[in-house]
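Colleague: My structure is below; once you've seen it, I'll send some questions.
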Amino acid sequence: MANFEHGVTTRQADTSVTTPVAADSGVAFVVGAAPAHTVGGAVNEPIMCQNYGEAVAALGYSDDWANYTVCEAIYSQFKLYGVAPVVFVNVLDPAKHKKSVAEQNYPINDGKVLLPLEALKDTVKVSTYTVGTDFDLFYEGENLILEVLEGGKIPENTGELTVTFDAVDPSKITENDIIGGFDTSTKKYSGLELIDKVFPKYGIVADLILAPGWSDKSTVAAVMAAKAANINGVFEGKALIDADAETVKHYADVPAWKKANNINSKTQIVCWPLVKLGDRVFHLSTQAAGRMGATDSDNGGCPAESPSNKSLQIDSAVLADGTVILLDLQQANYLNSNGIVTALNLIGGYVLWGNETACFPADTDVKNYFICISRMFGWVANTLVLSYWSKVDKKMTRRLIDSIVDSVNIWLNGLTNEEKLLGGRVEFKEEENSTTALMAGKAVFHIYMTPPSPAKELEFVLEYDAEYVSAALAA
């Protein structure tokens with residue numbers, strides 16, 4: 001029988017207007033080599049870190065950035081720009097990228113032997129002595145330390161030890177390791193392919209793809225562009241590419257390099273040259289990622305403002321051989337006019353200089369070639385996916401459609417009030433929603449939006465006005 005009710009009852013209905021879930025912005029996804037063997041870290045696993053300490057604990061650290069490119073990003077993202085989170089992938093595999101080091105004698109100083117950081121602790125052998133009894137091993141700084149233990153068999157007057165070991169060899173990493181893929185035998189993903197595992201694992205959208213030291217390879221740059229255009233099949237991002245600062249030594253040759261390497265996508269941002277802070281040399285893409293993340297953070301986690309003309313943490317721009325590059329405004333603008341971002345020291349120190357993605361000047365659609373507008377379109381798209389995924393497979397009713405239209409319009413109005421958009425609206429247009437499409441469960445919502453363009457050129461017209469002479473000198 002039906003429920004018998006007597007008195008007052010209540011129930012709650014779902015709110016008709018959905019609160020949007022803003023997508024992450026300026027989150028870097030960095031692929032490269034890290035000394036993870038020193039901390040028992042993972043290989044080909046996306047590791048999210050919120051600060052410098054977490055990154056070092058999970059991936060190890062070395063100042064040898066030529067071999068350990070991930071460490072460059074760790075230092076830049078956390079120490080220079082203070083942006084988080086960052087997702088790292090270490091591709092240096094001790095089981096694959098290794099070499100055997102011939103037996104040789106190493107001196108003992110203060111009861112310690114300094115072995116290279118590349119040495120694999122578990123492979124170290126010292127003539128007839130035993131680890132844990134006669135000596136111990138631990139990583140510290142840029143070395144694997146062999147410490148002589150008191151009470152062991154190693155005599156106190158021994159001046160050196162004969163040691164042999166295997167070592168990781170970052171030079172054996174190839175472009176294919178960075179690109180990665182899917183191994184049918186192990187059923188595991190690797191390299192850049194792991195960007196699709198970030199959201200399922202951590203629930204964040206990593207929208208800036210980096211591979212410092214490798215992105216100047218055309219094959220790597222192409223895969224980075226493809227992944228940025230289709231993250232998890234639904235999200236968008238940007239691939240930060242470095243032009244080769246070793247072979248391209250003059251600013252006027254960078255556009256030819258860009259063309260020869262087929263780097264012309266709206267999902268790519270090309271950077272040249274390298275940059276330097278003190279003795280540390282950075283790929284400009286690494287610092288550009290930090291600058292973008294910091295600028296987004298200053299704008300409430302939204303990429304509405306261009307990172308151009310914002311301070312970089314550098315004191316010079318250089319080539320791979322250390323040659324200092326001093327660009328004047330005309331030279332920097334020439335690079336910008338060819339879709340290349342650079343570093344400029346004109347007023348107030350070094351800044352990132354350039355508003356154009358790699359598709360410029362071939363593609364002059366403003367939503368594609370302006371970095372901040374292109375990123376805003378991607379960010380709005382990512383936010384819509386996150387916010388309205390829960391509506392998928394609901395009953396296709398007028399109430400559902402109206403609730404989506406109303407909530408999106410409220411959100412766009414809020415972005416407009418915050419000056420992150422000049423205006424925006426969503427419409428459910430009859431001509432885009434045929435009866436057959438609606439019967440098949442497909443609804444199309446048309447969003448009109450205008451992110452603000454960067455104030456790229458400010459012109460002041462100066463004119464001599466003779467009337468001020470007579471006015472000033474009149475009796």
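Colleague: Can you tell me what the convex hull of the Cα atoms of region 301-347 projects to on average, as an area in nm²?
Modeller: Mean shadow area of the hull around the Cα atoms is 4.5 nm².
Colleague: What is the order of Tyr129, Tyr468, fewest Cβ neighbours within 10 Å to most? Don't jump to the answer; show the numbers that get you there.
Modeller: Values: Tyr129 19, Tyr468 9.
By the 10 Å Cβ count, ascending, the order reads Tyr468, Tyr129.
Colleague: Which distance in Å, rounded to a whole number, links the C-alpha centroids of region 170-191 and region 219-247?
Modeller: Cα centroid of region 170-191 versus Cα centroid of region 219-247: 17 Å apart.
Colleague: If I take every Cα pair under 8 Å that is 6 or more residues apart in the chain, average their sequence separation and divide by the length, what percent do I get for the relative contact order?
Modeller: 14
Colleague: Can you give the relative contact order of region 98-168 as a percent, counting alpha carbon pairs under 8 Å and 6+ residues apart?
Modeller: After rounding, I find 51 percent.
Colleague: Quick check: Cα centre of region 283-326 to Cα centre of region 347-386, how many Å?
Modeller: After rounding, the separation between the Cα centres reads 14 Å.
Colleague: Given the peptides 413-423, 303-313, arrange them by the average over their residues of other C-beta atoms within 10 Å, most packed first.
Modeller: Ranking, from highest mean packing down: 303-313, 413-423.
Colleague: Quick one: divide the alpha-carbon radius of gyration of region 161-310 by 2.2 N^0.38 Å and tell me what you get.
Modeller: That ratio works out to 1.19.
Colleague: Next question, about the same structure. Take the Cα pairs of region 1-147, get the Kirkwood Rh, then feed it into Stokes-Einstein at 25 °C and 0.890 mPa s and tell me D in µm²/s. Intermediate values should be presented prior to the final figure.
Modeller: Details: Rh = 19.1 Å.
After rounding, the answer is 129 µm²/s.
Colleague: What fraction, in whole percent, of alpha-carbon pairs in region 98-168 exceed 21 Å separation?
Modeller: Value for region 98-168: 15 percent of Cα pairs lie more than 21 Å apart.
Colleague: Just want the ordering: Asp136, Asp216, Asp24, from fewest to most Cβ atoms lying within 10 Å of their own Cβ.
Modeller: On the way: Asp136 14, Asp216 25, Asp24 21.
Sorted ascending by nearby Cβ count, the order is Asp136, Asp24, Asp216.
Colleague: Mean projection of the alpha-carbon convex hull of region 353-408 over all orientations, in nm²?
Modeller: Mean projected area of the Cα convex hull: 5.4 nm².
Colleague: Let me ask something additional. Estimate the FRET efficiency between Asn176 and Arg399 by the formula 1/(1 + (r/R0)^6), using the beta-carbon distance for r and 60 Å for R0, to the nearest 0.05.
Modeller: E(calc), rounded to 0.05, equals 0.70.
Colleague: Report the convex hull volume per residue for region 198-282, counting only C-alpha atoms, in Å³.
Modeller: That works out to 106 Å³ per residue.
Colleague: Quick one: compute the contact order of region 333-475, relative version, from alpha carbon pairs under 8 angstrom and 6+ residues apart, as a percent. Don't skip to the answer; put the middle values down first.
Modeller: On the way: 137 pairs, mean separation 20.5, N = 143.
Relative contact order for region 333-475 comes out at 14 percent.
Colleague: Grab the alpha carbons of region 393-475, take their convex hull, and tell me the volume per residue in Å³.
Modeller: Each residue corresponds to 189 Å³ of Cα convex hull volume.
Colleague: Additional query: Could you work out the percent of alpha carbon pairs in region 268-356 separated by over 20 Å, rounded to a whole number?
Modeller: I get 29 percent for the Cα pairs in region 268-356 exceeding 20 Å.
Colleague: Oh, and also: What is the ratio of the Cα radius of gyration of the chain to 2.2 N^0.38 Å, where N is its residue count, to two decimals?
Modeller: Its radius of gyration relative to the 2.2 N^0.38 Å reference: 1.23.
The numbers here are math on the coordinates, done by the rules we state, and not lab data. Quick caveat: nothing in here was measured; it's all calculated off a predicted structure. Neighbour counts are summed over all protein chains in view; Cβ atoms, including those assigned to glycine, are modelled from backbone coordinates with ideal geometry.
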